[in-house]
1. What number of residues within segment 234-283 are part of a loop (DSSP other than H, G, I, E, B), at pLDDT 95 or above and either β-branched (Val, Ile, Thr) or within 20 Å of PHE101 (Cα to Cα) (or both)?
2. Among the residues of segment 48-68, count how many are closer than 24 Å to CYS110 by Cβ and open to solvent by less than 10 Å² (accessible area, probe 1.4 Å).
3. All but one of (1) in contact with a Phe, Trp or Tyr (Cβ under 6 Å, 6 or more places away or on another chain); (2) open to solvent by less than 20 Å² (accessible area, probe 1.4 Å) hold for VAL150, so report the exception by its number.
4. If I filter segment 116-147 down to residues being open to solvent by less than 30 Å² (accessible area, probe 1.4 Å) and not hydrophobic (A, V, I, L, M, F, W, C), which single residue comes out as farthest from ASP46 (Cα to Cα)?
5. Tell me, please, whether a residue that is open to solvent by 70 Å² or more (accessible area, probe 1.4 Å) and assigned to a loop (DSSP other than H, G, I, E, B) can be found in segment 411-430.
6. Any idea which of (1) touching a strand residue (DSSP E or B) at 6+ places or on another chain (Cβ under 8 Å); (2) closer than 19 Å to PRO136 by Cα; (3) among the hydrophobic types (A, V, I, L, M, F, W, C) is the one VAL291 doesn't satisfy?
Amino acid sequence: MTAPVTVVGAGLAGCEAAWQLARRDIGVILIDMKPEKRSPAHVRSDFAELVCSNSLRSDRLENAVGLLKAEMRLLDSVILQAADETRVEAGGALAVDRGAFSEAVTRKICDHPRIALEHREVTEIPAGDVILATGPLTSDALAATIGETVSGEFLHFFDAAAPIVSFESIDFNRAFYASRYGKGTPDYINCGLNEAEYHAFYEALISAETAKLHGFETKQVFEGCMPIEIMAGRGVDTLRYGPLKPVGLDHPETGERYHAVVQLRRDNAQGSMYNLVGFQTHLTFGAQKRVFSMIPALHDAEFLRYGVMHRNTYLDSPRLLDRYYRLKAEPRIRFAGQITGVEGYVESAASGCLAGIELARARRGEQAIDFPKTTAIGALALYISDDSVTQFQPMNVNFGIIEPLGYRVRGKANKNAEISARALEIMQGIRVNTSL
């Protein structure tokens, strides 16, 4: 019998890789160190835990991540199946009940007869074909082993998670449901601040105490997950052009216009928990309570989870990996997830999806698919393996890395929609021609 593939890490990328291998009749040993050991950011014992936001971002084809999700649905992604089953209202975004989502992924993985589970910490790279999907919080022991394998070509940056408040503690005398410009369904709770309230909040924020970063080696921060206090430090109006942008969010009943608006997004299906959108932070818990309670609608807020900051570890992938997420120097070893430098839940799952599919085809003696740059999933793999990139940084999927149309289309939304239509037509053809 053919030896099974070992997948290390049961996060989004590892579960997706295991699923894609197993559904192609390849045996998988999926190893995860929980519940015996957890990273500093994990609290649950089940798989695919969402440690930051509960949003998988836009579900619209005018957005690159919406296209990526559509492609993954065509590839029977287990992560998208679970997300669609457990979604909560969030306008044009795909947000999920994070507990139900993890439970759904865990159930699907555990029920698959081709996937065997082991719960233990891996400190050495297993023999044979292996996919390392240990995430941005890879344990120190395994990180050291990987570092030795790739001659120490590691990079580090920091990621931050936003706090969550209870719905019943929000003051709706100072908050309102609305969508920006009245478009879509009013799924977000909006907390307005006048000019004086905003400036008081801003001054408290930039002077608040931050938590000590024990064991961290650098303060480099990925722009897409920048702590709100660091963003605020760039200028008094920076937040008003970012997560606190008030434009298009006048009060639907009074017509009041605000100097700044904090948005809250539902975090579970029951609607009992809401997270502060864009409020990733590494302020101390006491500082978070004091400063964020200065938002008028949150003056008596019950914080169910405070924001936390944690290390993210990722490879210098253009020097190390190919388009199949294989280690160039030792192709039996593949990586998936944020350790490769893809950024975001969906992108992490997509890397596991591609790595699993291409490894399964190789194991079955089939030709590689070579997902093209005209698709989002292919463009992402080609970006992280592009050795012409000199200053490699983590990257969310975006239309800038996808092959242009080659002709002009009036309007950005129209152009993006046409790129998405082309990509999905190509993916449909791949699915038919390769019996995916």
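1. Matching residues across segment 234-283 total 2.
2. Selection size over segment 48-68: 4.
3. (1)
4. Here the answer is GLY147.
5. No, segment 411-430 contains no residue that is open to solvent by 70 Å² or more (accessible area, probe 1.4 Å) and assigned to a loop (DSSP other than H, G, I, E, B).
6. Here VAL291 meets the rest and fails (2).
The rows are residues; the columns are (1) touching a residue at least 60 places away in the same chain (Cβ under 8 Å); (2) closer than 17 Å to GLU343 by Cα; (3) not aromatic (Phe, Trp, Tyr).
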residue	(1), (2), (3)
ALA379	no, yes, yes
ASP387	yes, no, yes
THR390	no, no, yes
VAL397	yes, yes, yes
LEU405	no, no, yes
VAL409	no, no, yes
SER420	yes, no, yes
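Listed here are the residues, each with its yes/no results for (1) under 16 Å from GLU62 (Cβ atoms); (2) under 25 Å from the mean Cα position of the chain (by Cα); (3) at pLDDT 90 or above.
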{"position": "ASP387", "(1), (2), (3)": "no, yes, no"}
{"position": "GLN391", "(1), (2), (3)": "no, yes, no"}
{"position": "VAL397", "(1), (2), (3)": "yes, yes, yes"}
{"position": "GLU403", "(1), (2), (3)": "no, yes, yes"}
{"position": "TYR407", "(1), (2), (3)": "no, no, yes"}
{"position": "SER420", "(1), (2), (3)": "yes, yes, yes"}
{"position": "GLU425", "(1), (2), (3)": "no, no, yes"}
{"position": "ASN433", "(1), (2), (3)": "no, no, no"}
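The values are calculated or read from the model by the stated rules, or taken from the named source; none is laboratory data. Since we're looking at a predicted model, the values are computed, not measured. So basically every Cβ, Gly included, is an ideal-geometry build from the backbone, and we count neighbours across all protein chains shown. Each accessible area value is taken on the protein alone, full model and side chains, heavy atoms only, with ligands, DNA and RNA left out. Shrake-Rupley method; radii C 1.70, N 1.55, O 1.52, S 1.80 Å.
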